[in-house]
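One structure is given here, and the rest of the page talks about it.
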Amino acid sequence: GCGNSGSETTASTGAAESETQAASEAAGETATGASEAIEDTAQSVADAVEETLGTANGEGKLVGITVPSIGNDFALAVTNAMQEAVTATGATVQFDSAEVDVTTQISQIENDVTMGCDILVVWAVNGDGVASAVEQAVNQGIPVLAFANEIPTASCSMISASDADMGTACGEIALDWLDQTFPDAGDGEIKVLAITASTYPEAGWRSDAIVAKVSEDSRVNLIEAEVADWNDQAAARTMVENQLLANPDVKMIVTCNGTTALGAESFVMSSASNIEDKANFGIFTVDQTDEIDSKIQASVNNESVLRGTISMGTIDDTVGDFMKAMTPLLNDQEPVDVNGSAFKVTPESFN
Amino acid sequence: MESKTVLSMKNITKLYPGVVALDNVSVDFKAGEVHALLGENGAGKSTLIKVLSGAITNDGGKIVIGGNEYDHMTPAISRGCGVEVIYQEYNLIGGLSVAENICLGRQMHGLVNKKEMVSVTQELFEKYHININPRAYVKELSTAQQQLVEITKAISKDAQIIVMDEPTAQLTMSEVNNLYEIIRNLKAKGKTVIYISHRLEELFEITDRVTIMRDGAYVTTVDTDKTTRDELITLMVGRELNDSYPKRDCVRDEVALKVEHVSGYHNTDVSFELKKGEILGVSGLVGAGRTELMRVIFGADKKLAGTVYVDGKEVHIHSPKEALELGIGLIPEDRKMQGCFLNSSIEWNISISNIRKLTTGRFIDKKKVRRQAEHYEKMLNIKTPSLEQKVRNLSGGNQQKVVLAKVLAADTEIIIFDEPTRGIDIGARHEIYDLMSDLVKEGKAIIMVSSDMEELLGMSDRIIVLSEGKLTGELKKDEFSQEAIMHLASHE
Amino acid sequence: MTKSKIQKLIKDNMMLIILILMVIIFCIFSPNFRSFRNIMNVCTQNAYFIIAAIGVALVMISGGTDLSVGQAMAVIGISIAMFMQNLGLPVVVAIILGLIVGIILGCFNGFMANLLRIHPMIVTLATMTLFQGISYTLSGSKSFYGFPDSYINIGQGYVGPISVPVIIVIVVAVVIHLMLEKTCFGRFIYAVGGNAETARLAGINVNKIKVMVFGIAGALFALAAIVLTSRGGSASSNIGPGVEFDCITACVLGGISFIGGEGKVKGAIVGCLILGFLTNGMQMIGMGTYIQYIVKGIILLASIGYDTYQQTKVKKAPAKA
Amino acid sequence: MTKSKIQKLIKDNMMLIILILMVIIFCIFSPNFRSFRNIMNVCTQNAYFIIAAIGVALVMISGGTDLSVGQAMAVIGISIAMFMQNLGLPVVVAIILGLIVGIILGCFNGFMANLLRIHPMIVTLATMTLFQGISYTLSGSKSFYGFPDSYINIGQGYVGPISVPVIIVIVVAVVIHLMLEKTCFGRFIYAVGGNAETARLAGINVNKIKVMVFGIAGALFALAAIVLTSRGGSASSNIGPGVEFDCITACVLGGISFIGGEGKVKGAIVGCLILGFLTNGMQMIGMGTYIQYIVKGIILLASIGYDTYQQTKVKKAPAKA
Ligand SMILES: Nc1ncnc2c1ncn2[C@@H]1O[C@H](COP(=O)(O)OP(=O)(O)OP(=O)(O)O)[C@@H](O)[C@H]1O
Ligand SMILES: Nc1ncnc2c1ncn2[C@@H]1O[C@H](COP(=O)(O)OP(=O)(O)OP(=O)(O)O)[C@@H](O)[C@H]1O
Ligand SMILES: [Mg+2]
Ligand SMILES: [Mg+2]
C-alpha cells in the first residue's frame, strides 16, 4: 500500500502546531495518497495484508473484535477490512458491535474471554469505560489491542491520532481555506460556526481542539453550538438551520464529526438554505466516509460546501498499521504500539 | 320499641356539573334496624352512601356518628366509626386471592399470615353456606361469586353499620335467601343495615323502615309494616304507577330461533326453540351457564358443538357481527365491561351499533345521530343533563338504559336480554317491560335471562331452566311457579 | 352561560394556549425566533415528526402504542433508497412501494397483536428489535445518498412561501381528522380503544379495525420516512430511530390517552409543535445543551400537570343549572 | 387431579421452561456456552440489569411504569463517583449517599405522579429528560474512573466461585420477594396496582404506597448503578441509559402485567435471564450481528405469544369443581 508519505498530524502536538503555510502544502501531498487508496480498497487491503503479513501466522487463533458501532460507513468499511486482514492470516474472527453502549461492550469483552479468544481488539466506545474489563483480560494473559481510541490498560495500541490532534488538524485546514478565500479579512470579520459535542469524552476532546485552533485566528468571530447526539444527522441539520437563520453571515462551519457535517451540508445545499454564495462558504470536519469524499470532490464546483476532513488514514493505511500491531500478537511476540497516520483530505487530494 | 340513633346525616348536599346529586338530605339510622333507601335511578342513593363512607366529599352538611360530628368523611374515619359498605360497582382486587380481598385493610403493618386469612375466610364461608375457594384469585370468579365475596368482606369486619348497595342485583333466589339470613343475623346482634334495592318485595321481606328519595332530595321515611307497595311507588315516582305486568297474547307459530345440541366450554347439549312474538325466560342458579349459552348463540364465545337455525335456516355464527347481521342482538349482563363505552357520551354510545345508517354520503350526519339519541332518551326516560354527558357519570340504572337503547337501535328481530333490569328502578323497569311487550307484538322474539324470579314469572311466555350447563326443563305458562323453577334449577 | 363556554373552550385547548404562550415568550426573548421564516422552518423541521406522531396517535386512540415507529421508518427509508438506487426504479414507483412497505410493517404489528392476543405496546417492543435487524441487514449498515432531484424536492421544495413538507402535514392532518371525526371507521377506532369487548359485542370487527389502524399508521410512518430522507438527502439505519419516545410524548402532551378511546389529531400536532418550538426556541436564545434537557423535562411535567389540574378543577367546580 | 396440577405448574412457569430450553439449546450448539464460567459470567453481566428490572417490576406491580431508570442510574453513578473523587468521601459514605440520591429521584417520580395525578409512565417520560440534563450537568459529560479498590470489588469481587454482583442480586431478590409476598406493605402494592380506588376505600394510603414503591425502586436503581459502575470501573452520563426498554421487556416476559396488580419478582429475574442468555448465546455460537436482532425480535414475539396462548387455553378449559 501507500506508505505514510503524507504529512502526519499525529506524532505530536508540535507537528500540529506547525505553521499554516507548511501544513497547507502538506495537505496537498497527502491527499494524493489518500485518493489512490480509496479507489481500490479491496486490492490495497490485499497488498497491505501481504506486506505486513509476511511473518504473521494466525493459524488456529481466535481473535475477538468489538467496535462501537456498525451504524456508519467508515466504521463498517474499516471493520470489514480488519476482519478480512485477520482472517487472511488463518485466524478466526469473533466480531461484535457494541451499539454505542459501554456496558454492552464490557459484556462482549468478557464473553470473548470466555469463548477462549487468544487476542482481543477493542475499538472502545469509551476508553475509560472499558478499561477495567480490558485489564482483566490482560491479567488472564490475553493481549488486548486498543484500536483508534486509547484504553489505559490495553497491552498495545494502534491509534492514528488522538482526538485532540485530529481536532487541531481540522482547525488547520479550515484556517487554510479562510486564508485562500478571504485573504483581505480584518480582525473579527469572519463569522464561523462550530458544531461541538460533549456527550462522550472523545467528542469533547475533538470539539475543544477544533474550537481552540480556530479561535487562535484573530479574523474569526466564533459562534459555538452543541449537539446533544453527535450521531443524529437530522438533529444536526435542524441545529445548523436554526443557527444559520439567526446568523446569516456565517462563512464557515467546523464540526466535530462526519454525521454532523453531513447534516450541516444537507441544509446549506438544500433549497431552504439562506446561504446564497456557496463559493464563499465552507464546512470542515473530522471522519471520512465515501459520502464525505464525494462531497469534498464536488466542492470544487461548489456543488457541495463540505471542503475538507481529517481522515484516520485510508482504509489500507489503517489496516496496514493495524496489522503491524497485530502481527506480534498473532506470532506470540511482545506487543508493540503503532502510531498510525491521520491525513488532511481536501479537494486537491483527489486530483 | 325505641332504639337509639347511631348515625344521622344532616343536610347533606353534593353537586356535580349540571347535577345536584344530593340536595339537603337528612336521615337518621337506628341501632338494630334494617333501613332501606328507595328511589328511582339517579335519585342519589349511592351518592349518599359514598358520602357516608368517605369515597366522595360532600359539598355541605354534617355526619353525626358515634357521638362525633364530621363535616365530611374519609375512608379511614368512616371505617374507624364502624361503617362497612358493599358498593354498587365491584370493588375487589382481581390479582389478590379471595381471602386476601376479604382481609384487606384489617392489618396495616407487619407480616401477613395467609394461612390465618384462609381459615378466617373459610370459617365465614361455611357459616354463610358459600361455596368458593378462599385461595382462588378474584379475577377467576364469576360476577355473582364476586358479589358473594363482597358481602362476606363487608360482614367480616364486625362493623356497626353495614351498607349494601343493591347486593341482590347479581344474585339468584338461593343466594338471596342466604343473604336474608345474614341480614337477620346482623340485626339480631343490634347492627344497623342500610339496604338499597330496586326489588320492592325484598324490602317487605327484611326491612324495618324505608327512606324514600327523589331527584336528590329526601322525601320521607316510613315504617315498612305500615306501608304498601303502591304507596312506596307513588312516593318514589311522584305519581301513580301501574305495577302489573303488561298483558299480551302474541306468540306466533313461526320459529325464530332454534338451538340444537349446542355445547360451549360451560354448556353441554342444550336445545330449545324460540317463536316469533314470544318472550322466553331463562332461569338457573348462579354460574348455571345461562350467560355463556347466550354468548355462544351470539357468536361472542366459541361454540364447540351443535347447530343454530334462524328462521329455519342453519346459520354459522362466528362473531357478534355475523349475529347482528342475521338479526340477533344481545344486551350483555355486565354493562360496564361489555355494555357501554364509559368515557364516551350517551349519544355516541347509542349510535355506535347502527352508525352506518346515520350517514349522509360518506360522512356521519350529526343531526341524525342527535335525533336518534333524543328519540331513545324520551322513549326510555334517560335521566341526564345532556346527551353529551359521559356515560361514566350516569347512575347505574341510566347506564343500563343507554345499553338498551344501543341494542334497540340495531333493530334486530331476535333480542337476547341478559339480566335486563339489573339495577333499574321500578318505574323504568315497567317501561322496559312495556317496551319488550311492544317488541314482541311487532313479531320480534325475545330471550330474557333473569335472576329476578318475579319478573321472570311475570314476563315470560315460557321458561327454560339450566343447571350446571345442561337444560333441565321447560315450563309452560300454566306450570309456572317458583317451586317448579327452583326444583329444576337445583337439579343434579 | 357564555362564561362557562369560554371556560370550557380554555379547558379543551389548554395545550394550544400553552403552545401560544411559549411562542410569545420566545418571541420576546429572541429576535431571530420571531421571523416568519423561523416559524416556517420549525414547522418544516418537524413535519416528519408530526406525520409519525399522527400515526402513533391513531394507534393510541385504538388502545395501543407503537414503539417500533423509528425502526419502521429506518426500514422504509432504506427500502425506498434501494428501490431507487439498486433497482433503478422511478421515484414515484419507489415511493409507492415504500408506502406499501410501511403498510406491511404496520399490518404485521397489528396482525401479531391480534394473533398473540397481547397488547400492541408489547408487540412493538419486540418488532422494534426485529425491524432494527431488518434495517441493518438491508442496508448492510451503509448509508444511501445522492437521490434524484424529484425525490429531494419532496423534502426541500416550496410552493410559494410554504414548504412541501408542511403542505403534506396539512393534507395528512385534514384527511386523518376527517376520517376520525366524520366516518364510521373513525368511530369504530374510538370504540375499539374505548372498550374492545363492548365494541366486539356491538358488531364491530375489532381485529380488522386494529390491523387497519396499524396499516394506516404504517403508511403514515412511510410518509414520515419519505419527508425525513428527502429533506436530509440520505437514508440509513440511524435515520428514523429515536423518534418513538418523542411521538408518544407529543401525543400525551396533546391529550391522547394511554388507555385509548380518546384524543384528536389536533392534539398530536399541538404536542409536536410544543416540543419543536421548545427545542428551537431554546437554541435560539442560546441556552446550553445540558440546561435544555432540564428545562424540557420541567416544562413537560409542568404542562401535562397543569392540564390535568385544569381538567379536575373544572370537573370539581360547582355546576350552574 | 395430579395432571391438572402439573398443567398449572407448567402454565405458571412457562417462561422458566422457555429459559431452560433456550439454555439447553445453546449448550448443545456451543461448548463455550456450557461452561460454569460462562453461566456465572452471564449472571454477573446482567446483575445490574436484574436489580434495575426488579425495581421496575415493583413500579409495574403498583400500576405504573418507570422509563427514567437508565437516566436515574446515570445520575446516581456520577453522584457516587463525585462523592468519592471530588469530595473525597470514603467509599461506604459515598454508597450510602448514592442510595439516598436514588431514593430521592424515585420519590420525586412518585410524588410528581401523585401531585399531578398523571400516570407514572408519563411522569417518567418527562423526568427521563430531566435526569438526563442533571447527569450531563453534574458530570460536564466527563467520565469518572480510577475508583478505590474497595469500590471496584463490589462489581468485580468473588466469594468462592460466586461473584459479588450475583450475591447482591440474590439478596435483593429474596428481600423484595419476601416484602411483596409476606408483608402487608407488599400486599398493598398489589392492591394499589389492582384497583387503586378499592385500595383507598380499604383505608390504604394509596399516595404513600406509590411514593414508597418509587422510593424503593430508586434505591434498587442506585444499587444497580453501583454494581454497574464498580464493574465497569467508570461512571458517566452514558453509563446506565438504554436499560429502560430492556427492563420493561424483561418484566413483560416475566409475566408482569402492564396494568398492574400482577407479577412476581421471580418473573422479572427470569425475563432478564432470557434476554441475557439470548444475547450471550447468540454471541457464543457466533451468529452475525444483524441476524442477532432479528432472532431476538422473533424470540421475544414467540415467547410472549406462546405464554399468552397457554394462559388463554388453560382459562378456557372446562372448569372442574
Ligand atoms: N361522577 C359523577 N359526575 C357527574 N354526575 C354524577 C357522578 N356520579 C353521580 N352523578 C349523578 O348524580 C346523581 C345521583 O347518582 P346516584 O348514583 O347516587 O344514583 P342512585 O340513586 O344510586 O341511582 P341507581 O339506582 O341508578 O344506582 C345522578 O343523576 C348521576 O347522574
Ligand atoms: N371469567 C371466568 N373465568 C372462569 N370461569 C368463569 C368465568 N366466568 C364464568 N365462569 C364460569 O362459567 C360458568 C358459567 O357462567 P355463566 O356466567 O354463563 O353463568 P350464569 O348462569 O349466567 O350465572 P351468573 O348468575 O353468574 O350470571 C360458571 O361455572 C362460572 O363459574
Ligand atoms: Mg346507585
Ligand atoms: Mg349470567
- request: Tell me the label-point distance for the pair A:Asn301, B:Glu483, using the 7 Å Cα-to-Cβ offset, in nm and rounded to one decimal.
  value: 10.7
query: Separation between the C:Ile17 and B:Asp158 pseudo-spin-labels, each 7 Å from Cα along Cα→Cβ, expressed in nm?
result: 5.4
message: If I compute solvent accessible area with a 1.4 Å probe over the protein chains, what percent of it on segment D:42-303 is carbon and sulfur?
response: 70
- line: Surrounding charge for D:Gly157, neighbours by C-beta under 13 angstrom, Lys/Arg +1, Asp/Glu -1, total 0
- prompt: In peptide D:40-50, what is the residue-averaged number of other protein chain Cβ atoms found within 10 Å of each Cβ?
  reply: 2
- prompt: Given 0.36 nm per residue, what is the gain on full extension from D:Arg34 to D:Gln7 after removing their alpha carbon distance, in nm?
  reply: 6.8 nm
query: Using r as the Cβ-Cβ distance of B:Lys390 and B:Ala136, and R0 as 35 Å, what FRET efficiency do you calculate, to the nearest 0.05?
result: 0.55
query: Over the Cα atoms of segment B:255-490, what is the Rg over Rh ratio if Rh follows Kirkwood?
result: 0.97
task: For every other residue with a beta carbon closer than 14 angstrom to the beta carbon of C:Ala224, add +1 if it is Lys or Arg and -1 if Asp or Glu, then tell me the sum.
output: -2
query: Non-local amide H neighbours of B:Val219 (under 5 Å, H modeled in plane, Pro and chain starts lacking H): which ones?
result: B:Ile212, B:Met213, B:Arg214
message: I'd like the accessible area for A:Thr103: 1.4 Å probe, protein heavy atoms, all chains in place, Å² to the nearest 10.
response: 20
statement: The set of residues whose placed amide H lies less than 5 Å from the amide H of D:Thr183, leaving out same-chain residues fewer than 5 positions away, is B:Val112
Probe 1.4 Å - accessible area at C:Arg200, Å² to nearest ten: 70
field: Debye equation applied to the C-alpha atoms of segment D:42-303, log10 I(q)/I(0) at 0.10, 0.14, 0.16, 0.17 Å⁻¹
entry: -0.48, -0.94, -1.19, -1.30
- prompt: Are there GluC sites (Glu not before Pro) in segment B:172-266 that DSSP marks as loop and that have at most 16 other Cβ atoms within 10 Å, and which are they?
  reply: B:Glu240, B:Glu254
field: Mean Cβ count within 10 Å, highest first, over the residues of peptides D:170-178, B:95-103
entry: B:95-103, D:170-178
- request: Taking a label point 7 Å out from Cα toward Cβ, give me the nm distances from D:Phe36 to the same spot in the other copies, shortest first, one decimal.
  value: 7.8
field: Efficiency of FRET between B:Asn68 and B:Lys30 - r from beta-carbon atoms, R0 25 angstrom, step 0.05
entry: 0.90
task: From other protein chains only, count the Cβ atoms within 10 Å of every residue's Cβ in C:294-300, then give the mean.
output: 6
task: Hey, can you grab everything whose amide H is under 5 Å from the amide H of B:Gly60? Only 5+ residues off in sequence or another chain; H modelled, so Pro and N-termini drop out.
output: B:Thr13
Label distances, nm, C:Gly160 versus same residue in remaining copies, Cβ-directed 7 Å point: 8.0
- prompt: For chain C, what is the relative contact order in percent, using Cα pairs closer than 8 Å and at least 6 residues apart in sequence?
  reply: 33
field: Between segment A:133-171 and segment D:141-214, the Cα center-to-center distance that results, in Å
entry: 38
query: Other chains near C:224-235: what is the mean number of their Cβ atoms within 10 Å of each residue's Cβ?
result: 3
statement: Relative contact order as a percentage, chain B, C-alpha pairs under 8 Å and 6+ apart, gives 16
field: For segment C:42-303: lysine pairs under 27 Å (alpha-carbon distance), excluding those fewer than 8 apart on one chain
entry: 10
- line: Checking segment A:61-147 for chymotrypsin sites (Phe, Trp or Tyr not before Pro) in a loop per DSSP with at most 16 other beta-carbon atoms within 10 Å yields none
- prompt: How many nm separate the modelled label positions at D:Tyr306 and C:Asn153, each set 7 Å beyond the Cα in the direction of the Cβ?
  reply: 5.3
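The values are calculated or read from the model by the stated rules, or taken from the named source; none is laboratory data. What you see is a predicted model, and the numbers here were worked out from it, not measured in a lab. Using ideal geometry, Cβ is built from the backbone for each residue, glycine included, and neighbour counts are taken over all protein chains shown. These area figures cover heavy atoms from the full protein model, side chains too; ligands, DNA and RNA do not enter into them. Shrake-Rupley method; radii C 1.70, N 1.55, O 1.52, S 1.80 Å.
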